[in-house]
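Down below is the structure, laid out as structure tokens.
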Amino acid sequence: QVQLVESGGGLVQPGGSLRLSCVASGIFNIYAMGWYRQAPGKQRELVAIITSGGSGNYAHSVKGRFTISRDNAKDTVYLQMNSLKAEDTAVYYCNANAGPYQVNYWGKGTLVTVSS
């Protein structure tokens, strides 16, 4: 069964930290894994992405605060989020791009709320 399961979301105060995890199962030849987010009333946007070789890219709004990492042996991707701001509040979705046709797979999302 193909699935991406996210965990680690929750409520945190501004300036705080959270670590998101996403485990992939049933997906083969994963090239890139990443995190996207969607805030209420807004479109889904890329937060960070990392290739199987470890090359990462970040949205400008999170650069220097968020760090993406990946454990290829465990098909797991992490997102360490520091110095969180209210505008980081969103549902965070895990994404995996895999196979020769670069199919995109999505998790169900985990809610991150930054509020005092």
Worksheet item: Where does the Debye-calculated log10 I(q)/I(0) of the chain sit at q = 0.19 Å⁻¹, using only Cα point scatterers of equal weight, no solvent?
Response: -0.94
Worksheet item: Once fully extended, how much extra length lies between residue 80 and residue 44, figured as 0.36 nm per residue of separation less the alpha-carbon to alpha-carbon distance?
Response: 11.0 nm
Item to complete: Measure out, as a whole number of angstrom, how far apart the alpha-carbon centroids of segment 6-54 and segment 90-116 sit.
Response: 5
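Tell me, which longest segment in the chain has none of the chymotrypsin sites (Phe, Trp or Tyr not before Pro) that fall in DSSP loops with at most 10 further Cβ atoms within 10 Å?
Numbers: sites that count: 28, 101.
Counting at most 10 other Cβ atoms within 10 Å as exposed, the longest clean stretch of the chain is 29-100.
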Practice prompt. Leaving ligands, DNA and RNA out of it, work out the accessible area of residue 61 with a 1.4 Å probe and give it in Å² to the nearest 10.
Written response: 60
Worksheet item: What lysines could a cross-link reach from residue 85, if we take a straight Cα to Cα line under 27 Å and drop same-chain neighbours fewer than 8 places away?
Response: 42, 63, 108
Worksheet item: What percent antiparallel are the DSSP beta bridges of the chain, to the nearest 5?
Response: 95
Response to the item:
Simple spin-label estimate for residue 11/residue 59, 7 Å along Cα→Cβ, in nm, reads 2.3
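Whenever you get a sec, line up 85, 108 from highest to lowest accessible area (probe 1.4 Å, protein heavy atoms).
Values: 85 85, 108 185 Å².
Reading off the accessible areas and sorting them downward yields 108, 85.
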Practice prompt. Pop a pseudo-label 7 angstrom from the Cα along the beta-carbon direction at both residue 101 and residue 51 and give the gap in nm to one decimal.
Written response: 2.3
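Please work out the average accessible area per residue across segment 8-96, using the 1.4 Å probe convention, and give it in Å². Mind dumping the intermediate values first?
Details: 4500 Å² over 89 residues.
Value for segment 8-96: 51 Å² per residue.
The values are calculated or read from the model by the stated rules, or taken from the named source; none is laboratory data. Since we're looking at a predicted model, the values are computed, not measured. Methodologically, a virtual Cβ is constructed for each residue, glycine included, from the backbone with ideal geometry; neighbour enumeration extends over all protein chains shown. When the accessible area is computed, the model is the full protein with side chains, heavy atoms only, and any ligands, DNA or RNA have been set aside. Shrake-Rupley method; radii C 1.70, N 1.55, O 1.52, S 1.80 Å.
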